[in-house]
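Please read the structure below before turning to the comments.
The values are calculated or read from the model by the stated rules, or taken from the named source; none is laboratory data. Being a predicted model, the structure only gives us computed values, none of them experimental. Please note: Cβ atoms are built from the backbone with ideal geometry, for glycine as well, and neighbour counts cover all protein chains shown.
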Amino acid sequence: MTKPAIEKPVRRKANPQSNSIAWAVLGAAGLGYLGIAFFAPQILPDFSGGRAHQAETTVAKFSGEIESMQLSLRKLETDMDRVKSDVAAQANQTQSLSSQVSALDEKISTAQAPAAAPSPATADAAPQQPSAGFAGLAAASGTDDAAPAPAPKIINSPRVGAPIETGSVNSGSGAPIAFGPAVVKPTAKPVGIQIAQDPSVDGLRVTWGALSQIHPEELGRLKARYADIGTAAAPNFGLIAGPVKSKAEAKKLCKALAAQNISCKVSDYRGEEL
């Protein structure tokens, strides 16, 4: 028997012409895209539009924050200038008050300074003048020695052994005098006004010098005292002006001072002289 022949698959030969056409089409498309991108890029779709928009938004946000920071810095500079001017004004005012207080202290020390005592040489050099009585007696007698003074004459002198009469009430003339229970009337305390507080007495002196000059109508006729109103842990002193005639007048005076932004309350006029 003869074996049948086995059919082998036939391989097709590649067509080089079709591959060349495909590569030519792809190259033409690439060259066309490059030409459009170079000569007319606006025709191509914008694939980076979202990123560009996000970048613009971020830049705008940063710009707004930078402007806000610049405004804050300008405001801070303005506040600093204002604080510097306030500090300078306060320093000038403090210097003025210190000079006024120094002038007042000099006036007070000058007024309280005792008169100069005469020197011993001057006291010894002053001649001792005889009294007028001795001079008259010497002139009447015509001698240098004074004449002895005559004995005084007593008019209506009581007799020796007579009882002494007094001005007391005669007990036999009537009933004895009856006295009621003793009534003690407490002395009214002087009234004052407390217008300031400070942890030091020197601070109260400065405050009183300024207030008495700024408000001479209300405080010009009053005198200042300081009273201890604090504790050992927290020392504090109150500035009390007075004396005032009555509590009603003190309330009226406090009302006038409170209208000028000065703290004031009615108090006893106590403490030590400021």
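Some observations on this one:
- Subset of segment 51-90 [within 46 Å of the chain's Cα centre (by Cα) and of a type in the set (S, T, N, Q)]: Ser63, Ser68, Gln70, Ser72, Thr78, Ser85, Gln90
- Enumeration of residues in segment 178-231 that are among the basic types (Lys, Arg), modelled with pLDDT of 90 or more and over 18 Å from the mean Cα position of the chain (by Cα): Arg221, Lys223, Arg225
- Matching residues in segment 216-234 - criterion: being without any contact (Cβ under 8 Å) to a residue 40 or more places away in the chain and farther than 12 Å from Leu204 by Cβ: Pro216, Glu217, Glu218, Leu219, Gly220, Arg221, Leu222, Gly230, Thr231, Ala232, Ala233, Ala234
- For the criterion of being surrounded by 10 or more Cβ atoms within 10 Å (Cβ to Cβ) and farther than 29 Å from Gln93 by Cβ, Pro243 passes.
- In segment 242-274, the qualifying residues are those that are part of a loop (DSSP other than H, G, I, E, B) and touching a residue at least 60 places away in the same chain (Cβ under 8 Å), and the one that is farthest from Asp228 (Cα to Cα) is Ile262.
- Hits in segment 74-106 - residues which are in contact (Cβ under 8 Å) with a residue 60 or more places away in the chain and either farther than 30 Å from Ala224 by Cβ or in contact with a Gly (Cβ under 8 Å, 6 or more places away or on another chain) (or both): Leu97, Gln100, Val101, Leu104
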